[in-house]
Amino acid sequence: MKDKALELTAFSTALKSHYALSEFEIRENLLTLTTDTTTYVDLSTYLKDQGFSRCLTVAVIDWIDQGEFEIYYVVHHLESNIYVKVATRIARSKPAITSLSTIWKSATMHEREMWELFGVNFVGNTMLKPLFLENWTEKPPLRKDFNWHTYVDKEYFKAREK
């Protein structure tokens, strides 16, 4: 494990010297980075070129009070068993970010789910179409300002009264 820690430290030092990172943390075999949207794709390409061949997830966090979505992904380097989580933030009012699907094919479905559930447009992802919510007309259901009580009342209880 010491060799991996040294390897991760050297790798993270190289990242810090080449990319604008606002947050940076190493915990065991996980490196957590926060960057801006202009660096997000370049950093992703660099990670892929360095052997981070598995994109495990793309996820969204709704920071409604700050008017932002945090978009993050986690990638894995199989040989060294190192994980990297890269996060960035975008405005909730215009939720769009460049897709990572051209870098990691596995990002395609994760982005599709986040598009459907949060309404984030992953520019360049050609599969952004409903997966679970085919006839959905409401606000995306995992946004914090989606009121599921009102939705359930309208769709299920009021509909029965007619």
Which numbered condition Tyr40 fails, given (1) in a helix (DSSP H, G or I); (2) aromatic (Phe, Trp, Tyr); (3) touching a helix residue (DSSP H, G or I) at 6+ places or on another chain (Cβ under 9 Å): (3)
Residues being in contact with a strand residue (DSSP E or B) (Cβ under 7 Å, 6 or more places away or on another chain) and either buried (at least 16 other Cβ atoms within 10 Å of the Cβ) or in contact (Cβ under 8 Å) with a residue 12 or more places away in the chain (or both) - total across segment 24-43: 13
Segment 143-156: number of residues that are among the hydrophobic types (A, V, I, L, M, F, W, C) and either closer than 30 Å to Trp104 by Cβ or surrounded by 12 or more Cβ atoms within 10 Å (Cβ to Cβ) (or both): 1
Enumeration of residues in segment 83-104 that are touching a Gly at 6+ places or on another chain (Cβ under 6 Å) and among the charged types (D, E, K, R): Arg92
Cβ pairs under 7 Å, 6+ apart, first in segment 1-19 and within 25 Å of Val41 (Cβ to Cβ), second modelled with pLDDT of 85 or more and part of a helix (DSSP H, G or I): Tyr19/Thr39; Tyr19/Leu43
Residue in segment 132-142 that is of a type outside the set (S, T, N, Q), under 20 Å from Asp62 (Cβ atoms) and surrounded by 19 or more Cβ atoms within 10 Å (Cβ to Cβ) present: yes
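A quick yes/no check of all residues on (1) farther than 30 Å from Leu21 by Cα; (2) at pLDDT 95 or above; (3) of a type in the set (Ser, Thr, Tyr):
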residue: Thr88; (1), (2), (3): no, yes, yes
residue: Ala91; (1), (2), (3): no, yes, no
residue: Pro95; (1), (2), (3): no, yes, no
residue: Thr102; (1), (2), (3): no, yes, yes
residue: Asn125; (1), (2), (3): no, yes, no
residue: Leu133; (1), (2), (3): yes, no, no
Number of positions in segment 54-85 that are acidic (Asp, Glu) and assigned to a strand (DSSP E or B): 3
Matching residues, segment 62-82, being surrounded by 14 or more Cβ atoms within 10 Å (Cβ to Cβ) and either under 14 Å from Thr35 (Cα atoms) or modelled with pLDDT of 95 or more (or both): Asp62, Glu68, Phe69, Glu70, Ile71, Tyr72, Tyr73, Val74, Val75, His76
Some residue of segment 107-120 being out of contact with any helix residue (DSSP H, G or I) (no Cβ under 8 Å at 6 or more places or on another chain), surrounded by 14 or more Cβ atoms within 10 Å (Cβ to Cβ) and polar (S, T, N, Q): yes
Residue that is nearest to Ile64 (Cα to Cα), among those in segment 86-145 that are among the small types (Gly, Ala, Ser) and outside any loop (DSSP other than H, G, I, E, B): Ala91
Among residues of segment 9-43, those that are at pLDDT below 85 and in contact with a Ser or Thr (Cβ under 8 Å, 6 or more places away or on another chain), counted: 1
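The values are calculated or read from the model by the stated rules, or taken from the named source; none is laboratory data. Everything quoted here is computed from the prediction, not taken from an experiment. Counting neighbours? That spans all protein chains shown, and the Cβs are built from the backbone with ideal geometry, glycine included.
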